[in-house]
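So the structure is just underneath, and the comments pick up after that.
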Amino acid sequence: MIESENIVGYDVDTEVVISGCATESPEDLSKDIKKCERIIESVLFAAGHPVEYTRLADSMGISLRLCHKIVSDYAEKYNNCSEISRGIMMALFPDSCQICTREEYGSYIRTALGIRRGGNLSNSSLEVLAIVAYNQPVTRAFVDTVRGVDSSYAMTSMCDKKLLETCGRLDVPGRPMLYRTTDNFLRVFGLSSLSELPAITTDDGTTVLPPEGEQIHMEIDEKSES
């Protein structure tokens, strides 16, 4: 049985191992913060999408609390390093994190990679997202009442784009579905938590504050889904 092999790189798409030197023996990484940082950067770079803190913690064999702290501290250094001006950044979300490009370089990326700009969200979609974001979790009937029109198409579209998701049912007759924003909503709008949403003033002069804390999460009632 071979306990080690030469590795210098790994292509996550093709699962090709490039020769070099490494071992698979277990090690205690809880006191090797620098190595944890390098592992986190490697995983996020290879993934190309948000990775949950639980998966990062499990991969390194450290506690979820320690993983949160390492990622938070590393992101602050990673994003604000004065010695290296990076075109990428580490984005943090309530349950996950991601390495992504900086917004100001989007046009260059699209030109270099031949990416067509995606369509902008309609006013109706933005209205729906705003109502859900500031009041979640909410039912579709609540959104309809606030907007004064049927919002089924816009809400379905936002769910398809993974900006909204269902999160259970309201415990009233009929048990209507509840909706909330997703981590993808935070990523698309460049937010780390819902508390970063701006306060808004309504037509009657009322100030609406954003929800406090991080993204709201509710356990889905499995009985209600059956």
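Quick look at the numbers
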| quantity | calculated |
| --- | --- |
| The stretch 168-182, residues that are within 18 Å of Asp144 (Cα to Cα), outside any loop (DSSP other than H, G, I, E, B) and not basic (Lys, Arg) | Met177, Leu178, Tyr179, Thr181 |
| The stretch 92-109 residues that are within 17 Å of Thr181 (Cβ to Cβ), paired with ones that are acidic (Asp, Glu) and in a strand (DSSP E or B) (beta carbon under 7 Å, 6 or more apart) | Asp95/Glu52; Ser96/Glu52 |
| Single match in Leu170, Leu126, Leu163, Leu178 (criterion: under 21 Å from Pro50 (Cα atoms), free of Cβ contacts under 8 Å to residues at least 60 places away in the same chain and hydrophobic (A, V, I, L, M, F, W, C)) | Leu163 |
| Yes/no for Ala46 being at pLDDT 90 or above and not assigned by TED's automatic domain parsing to the domain that holds Gly190 | yes |
| Failed condition for Phe93, given (1) modelled with pLDDT of 90 or more; (2) in contact with a helix residue (DSSP H, G or I) (Cβ under 6 Å, 6 or more places away or on another chain); (3) not small (Gly, Ala, Ser) | (1) |
| The stretch 75-111, subset in a helix (DSSP H, G or I) and of a type in the set (D, E, K, R), residue nearest to Ser193 (Cα to Cα) | Glu76 |
| Output for the stretch 183-198, where each listed residue is assigned to a loop (DSSP other than H, G, I, E, B), free of Cβ contacts under 8 Å to residues at least 24 places away in the same chain and not hydrophobic (A, V, I, L, M, F, W, C) | Pro198 |
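The values are calculated or read from the model by the stated rules, or taken from the named source; none is laboratory data. It should be emphasised that the depicted structure is a prediction, and the values quoted were computed from it without experimental measurement. Note that each Cβ is placed from the backbone with ideal geometry, even for glycine, and that neighbours are counted across all protein chains shown.
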